[in-house]
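Here's the structure we're looking at; comments come further down.
Every number here is computed from the coordinates shown, using simple stated rules; none is lab data. What you are looking at is a predicted structure, and each value in this text was computed from that prediction instead of being measured. Don't worry about glycine lacking a Cβ; one is built from the backbone with ideal geometry, like all the others, and counts go over all protein chains shown.
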């Protein structure tokens, strides 16, 4: 039986049950992505998150994968200026208005 290699993004989809998709503007995420990655490295063990580009509805997205809802919520709260891929503002941003 031949084993086929599964792309890392597919493995992460199978391994991480919680996803947060952030809308990527036409100009890119720029320094926000740097801040997001720094936050993840500082607050989440490496084996408990992953990040990949992902298809979105009429937009480019960055998909952040987590092992649990609490970590995903903390991530979203840490970046209230990020737009969720469904076109809505982050819930934390909406509460701050």
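So here's what we get for this one:
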quantity	calculated
Highest average packing first - 60-68, 18-26, 45-53, Cβ atoms within 10 Å	60-68, 18-26, 45-53
Estimated inter-spin distance, residue 81 and residue 42, nm [label 7 Å along Cα→Cβ]	1.5 nm
Packing-based order for 36-44, 73-81, using average beta carbon neighbours within 10 Å, highest first	73-81, 36-44
Computed label-point distance, nm, for sites residue 14 and residue 35 using a 7 Å Cα→Cβ extension	3.6 nm
Contact order relative to length of the range 8-96, as percent, for alpha carbon pairs under 8 angstrom and 6 or more apart	35 percent
Kirkwood-Stokes translational diffusion coefficient of the range 8-96, alpha-carbon pairs, 20 °C, 1.002 mPa s, µm²/s	163 µm²/s
